[in-house]
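Every number here is computed from the coordinates shown, using simple stated rules; none is lab data. Note that the coordinates shown come from a computational prediction; the quantities given were computed from them, not determined experimentally. Here the Cβ positions follow ideal geometry from the backbone for every residue, glycine too, while neighbour counts run over all protein chains shown.
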Amino acid sequence: MALRIHRGALAALLLLLVVHAIDAARAPEPRLEMVTTAASGGAGHTAGRARAAASTGCASWRLGVETNNIRGWYSIPAECRGYVSDYMFGDQFRQDCAVAAREAAAYAEALELAGDGSEVWVFDIDDTVLTNLPYYADTGFGAEPYNATYFDEYVANATAPPLPEVLELYEKLLALGIKVVFITGRHDYQREPTVKNLRSAGYHTWEKLVLKPSSLTLGSSVVPYKSGERQKLVDAGYRIVGNMGDQWSDLVGAPEGDRTFKVPDPMYYVG
Ligand SMILES: *[C@@H]1O[C@H](CO)[C@@H](O)[C@H](O)[C@H]1NC(C)=O
Ligand SMILES: *[C@@H]1O[C@H](CO)[C@@H](O)[C@H](O)[C@H]1NC(C)=O
Ligand SMILES: [Mg+2]
């Protein structure tokens, strides 16, 4: 009996090994071919393979960006312009946002709140609660240099749409009794269009809206400013239960908040 089971298990294991060996023998071939022979195939195949190889490379690049492995970059790789465009306008970006918002909502719903109104959730604004996709779609999805004149016009216009998944999360947090604080890299002189834009996009209430003092010099890291503003909240008696942004510089630097959530953004890097 014991021997029979043993034999059966052995047979199963052998079968697994054979299947695995066949898989291993088959699987890498097309993958290797795709990467190494893109330049030498027939004309039609070459274009397809080059596109596939670029797409694979761009997917790896995006993962590197999202995990903060790739830092300090000024524009997206030129060959990834089409990839980033497809990502931003396709289902993947919205699905990725939905996962972030869903996890954040599940976390918030499970919190034990003090019930004294001291819990706050910190949100970044640009490409977190509002999307600047209209601006970026017009400027190469981050492939072209940042145009401050155009972006200032875009902000003054106050027409940035909300990120729907984040707006939904915002409503859930308010319903739970968690207050919302916006800490943005936008300057204090942009308060009026920012308030107008938040309201028209559906963000109707907040505890605080913190904008960057114009005296802060451009080009320096926003981490001291953003973490400093979070420290002020803690000093004032608030508990930061959550913190959401599209840049790692929104999320690092003590006090970070009890949990942080990153919204995807493959279009630009803010240190
Ligand atoms: C930047 O934007 C402004 C305003 O839209 C435009 O006039 C200008 O041509 C742009 N500059 C570049 C280099 O694209
Ligand atoms: C400003 O808003 C108008 C009307 O919605 C739009 O046509 C225009 O492209 C916007 N300009 C910028 C710079 O966002
Ligand atoms: Mg942002």
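With +1 assigned to the C-beta of every Lys and Arg and -1 to the C-beta of every Asp and Glu, and no other charges, what is the dipole magnitude of segment 185-254 about the Cα centre in debye, to the nearest 20?
For this selection, approximately 120 debye.
So which GluC sites (Glu not before Pro) in segment 108-189 pass both tests, a DSSP loop state and at most 13 other Cβ atoms within 10 Å of the Cβ?
E112
About its Cα centre, what dipole magnitude does segment 129-271 give when the only charges are +1 on Lys and Arg Cβ and -1 on Asp and Glu Cβ, stated in debye to the nearest 20?
Charge dipole of segment 129-271: 480 debye, to the nearest 20.
Going toward the positive end of the dipole of segment 47-188, with +1 on Lys and Arg Cβ and -1 on Asp and Glu Cβ, which of N147, L113, L169 do you reach last?
N147
Could you tell me the extents of segment 57-147's C-alpha atoms along the three principal axes, largest first, rounded to whole Å?
51, 27, 26
Taking a ≥ b ≥ c as the square roots of the Cα gyration tensor eigenvalues, with a/c under 1.5 meaning rounded and otherwise prolate when a/b beats b/c, else oblate, which class fits segment 212-271?
oblate
Which entries in K179/K226; K196/K232; K172/K262; K172/K232; K226/K262 show an alpha-carbon gap greater than 21 Å?
Values: K179/K226 18 Å; K196/K232 25 Å; K172/K262 18 Å; K172/K232 25 Å; K226/K262 15 Å.
Over 21 Å Cα-Cα: K196/K232; K172/K232.
Read phi for every residue in segment 182-196 and hand back ³J(HN,Hα) as whole Hz from Karplus 6.51 cos²θ - 1.76 cosθ + 1.60, θ = phi - 60°, with x for Gly and Pro.
9, 10, 10, x, 5, 7, 4, 6, 9, 4, 4, x, 5, 4, 4
Expected output is a single nm value to one decimal: the length gained when fully extending between L176 and L113, i.e. 0.36 nm times separation in residues minus the C-alpha distance. What is it?
Value of the extension gain: 21.8 nm.
Assign one of three labels to segment 120-271, namely rounded, prolate or oblate, based on the Cα gyration tensor with a ≥ b ≥ c the square roots of its eigenvalues; rounded applies when a/c is under 1.5, prolate when it is not and a/b is larger than b/c, and oblate otherwise. Walk me through the intermediate numbers first.
On the way: a/c = 1.57, a/b = 1.30, b/c = 1.21.
Prolate, because a/c is 1.5 or more and a/b exceeds b/c.
What distance in nm separates the simple spin-label points at S220 and R94, each placed 7 Å from Cα in the Cβ direction?
With each label point 7 Å from Cα toward Cβ, the separation is 4.1 nm.
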